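To start, the structure itself, in structure tokens.
The values are calculated or read from the model by the stated rules, or taken from the named source; none is laboratory data. This is a predicted model, so every value here is computed, not measured. When we count neighbours, we look across all protein chains shown, and the Cβ atoms used for this are built from the backbone with ideal geometry, even at glycine.
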Amino acid sequence: MDYCFSVLMSVYIKEKTENFIQCMESILNQTLLPNEIVLVKDGPISDQLDSAIDKYKMRCKFPIKIVSLKKNYGLGIALAQGVLHCSYGLIARMDTDDICVPWRFERQIQEFKIDKHLDIVGSHIKEFDGTIQNIISERKVPLDNESIYIYQRKRSAFNHMTVMYKKETILKAGNYIHAPFMEDDLMWIHLLQKNAKCKNIDDYFVYVRTGYAMIERRGGWKYFIKYKKARQKIYETGFINKSDYYSTILAQFVVAMVPKQLRIIIFSKILRKI
């Protein structure tokens, strides 16, 4: 197969320009550069961020393809549009505020060369607050196809910002759909239901900008209700049973309702373990 690949990202108005710059620099520092970047503008963005995008369009030796949406539709719809605009058979996902290690893309392409039946490959992540020197947690994911299938019944078996996948497989699985909190989980489930071959590499490919403030926001009754509705969509796929559904709902209720400081401990010390 052709091992050219696109990098797919979505950006919206709340993104900080300095975070986008760090993300782009980590792409330019790759040992294997992409053949294009597809950047979806999910609604209007700031002039400063627009200016930074234009500078990288001039600087990069590969094209940056801009897909502009008239309003903020949300990540699922933005990524669905982005997938359709990717020119190549392999797509690497990345968020515009995260930082890749230099060998990420080269290592993932190697996996597709080794196993031509592979559909998606990701990795672990390191989560940081402020700078990558301030690691607050790590999220490890299962490595082999069978373990990924079992793990996905309760929690996401991939770190979304680390994955590289075949465009054809994503489209056969129905592409991304609008599902706040669960765009990625629904995608993985649809892939598994189509018998996709999956893998995670036992390495840390991406530094993810998390921060204690984000963990604190994942609490309260309103957040729990949104999570419950999203989890209901997972249940409706038939991939999980009632036991899976209610056990995860109960666990999330506890996490959402505990005091903020305890929630930080649960996220960083317990939920980041396989």
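Couple of notes before you dig in:
- Any chance residue 14 is at pLDDT below 95 and over 17 Å from the mean Cα position of the chain (by Cα): yes
- Long-range neighbours under 8 Å by Cβ, at least six apart or interchain, first residue under 21 Å from residue 104 (Cβ atoms) and in the same structural domain as residue 40 (by TED's automatic domain parsing) within the stretch 13-28, second crowded, with 17+ Cβ neighbours inside 10 Å and of a type in the set (Lys, Arg): 19/209
- Strands (runs of 3 or more DSSP E) (entirely within the stretch 35-150) containing at least 3 residues that are within 30 Å of residue 263 (Cα to Cα) and assigned by TED's automatic domain parsing to the domain that holds residue 174: 120-128, 135-139
- Pick from the stretch 152-207, criterion touching a strand residue (DSSP E or B) at 6+ places or on another chain (Cβ under 9 Å) and among the aromatic types (Phe, Trp, Tyr), ranking: farthest from residue 81 (Cα to Cα): 204
- Within the span defined as the stretch 107-124, one or more residues are surrounded by fewer than 20 Cβ atoms within 10 Å (Cβ to Cβ), under 21 Å from residue 22 (Cβ atoms) and modelled with pLDDT of 95 or more.
- Within the stretch 135-145, none of the residues are crowded, with 20+ Cβ neighbours inside 10 Å, touching a residue at least 12 places away in the same chain (Cβ under 8 Å) and closer than 16 Å to residue 92 by Cβ.
- Restricting 235, 204, 227 to those that are at pLDDT 85 or above, among the hydroxyl-bearing types (Ser, Thr, Tyr) and not assigned by TED's automatic domain parsing to the domain that holds residue 24 reduces the list to 235.
Rundown of residues vs (1) touching a Leu at 6+ places or on another chain (Cβ under 7 Å); (2) among the β-branched types (Val, Ile, Thr); (3) within 19 Å of residue 160 (Cα to Cα), yes/no style:
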residue	(1), (2), (3)
9	yes, no, yes
14	no, no, no
18	no, no, no
26	no, no, yes
32	no, no, no
52	no, no, no
61	no, no, no
79	yes, no, yes
86	yes, no, yes
